[in-house]
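**Q** Dropping a structure here in structure tokens format, bear with me for questions.
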Amino acid sequence: MTEKMVRELVLPPGVSAKLEGTLLTVKGPKGETKRDFHDPRITMTVSMQGNKMELESRRNTRREKTILHCYRAHILNLIQGVQEPHLYKLKICSGHFPMTVAVAGQELIVKNFLGEHKPRKMALPAGVTVKVDGTEVTVSSPDIEIAGQAAAKIELLCRITNRDIRIFQDGIYITSKSSKAVSA
């Protein structure tokens, strides 16, 4: 169990990676993503000739294999995001009161939720694009974590607490998430 374990990733055409210390930057046709990988047990190298990345663990233990495969999955998500942004779709459901959802600058505004006079507002994180089209809200970003967090915060913005949720089903709900990364 003391031998090294090496996993190789081949970058698709049009995608480049740059490693500065522990910060990996992946650039592609649809954007740029960054992620910090800092574990002393895993070594990462990026070779510019041939567009290859190598992940190497010092030992072949179960914990290091887990970290190695987790890093590989994160890198595949980064690669997928710069090729085609991660997409989350949400549906606006308003059965009792006609709810109005709009994007103004870097802010999402929900008016007349359950008849409330004061609009609910949420600041959108940097690097995410939100579009409202009728009863559908689309959240997209090259970074899967930013897109997922923004979609979850939008869903929590219209959370119903002190009513029967079987009757009051008003809100904004996630209906579809971006597909998982295809292993390379």
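**Q** Given a cut-off of 16 Å, what percent of all Cα-Cα pairs of segment 5-83 lie beyond it?
**A** Tail of the P(r) past 16 Å holds 46 percent of the pairs.
**Q** At 0.36 nm per residue, minus the direct Cα-Cα distance, what do GLU56 and GLU8 gain on full extension? Give it in nm, one decimal, please.
**A** Gain on stretching GLU56 to GLU8: 16.4 nm.
**Q** Please compute the length gained on full extension between LEU23 and LYS131, using 0.36 nm multiplied by the number of residues separating them and subtracting their Cα-Cα distance.
**A** 35.8 nm
**Q** Determine the dipole magnitude for the chain: charges of +1 sit on the beta-carbon of Lys and Arg, -1 on that of Asp and Glu, nothing else is charged, the reference point is the Cα centre, and the result goes in debye to the nearest 20.
**A** Dipole magnitude for the chain comes out near 360 debye.
**Q** What's the FRET efficiency of LYS34 with GLU107 using the Cβ-Cβ distance as r and R₀ = 25 Å, to the nearest 0.05?
**A** Given R0 = 25 Å and the Cβ-Cβ separation, E is 0.50.
**Q** Count charges around ILE174 for me, please; just the other residues with Cβ under 13 Å from its Cβ, Lys/Arg as +1, Asp/Glu as -1.
**A** Surrounding charge for ILE174 is +3.
**Q** Could you work out the relative contact order of segment 86-176? I mean the mean sequence separation of Cα pairs under 8 Å and 6+ apart, divided by the number of residues, in percent.
**A** 38 percent
**Q** Further question on the same structure: Extending each Cα 7 Å along its Cβ direction at GLU145 and THR175, get the distance between those two points in nm, one decimal.
**A** Modelled inter-label distance: 3.0 nm.
**Q** Another question about this same structure. Calculate for the chain the 222 nm mean residue ellipticity that helices alone would give, adding -39,500 (n - 2.57) per DSSP H run of length 4 or more and normalising by residue count, nearest 500 deg cm²/dmol.
**A** Computed ellipticity for the chain at 222 nm equals -6500 deg cm²/dmol.
Any read-out appearing in this document is the output of simple, stated calculations on the displayed coordinates, not a laboratory observation. What you see is a predicted model; the values in this text were computed from it and never measured. Here the Cβ is made from the backbone with ideal geometry for all residues, glycine too, and neighbour counts use every protein chain on show.
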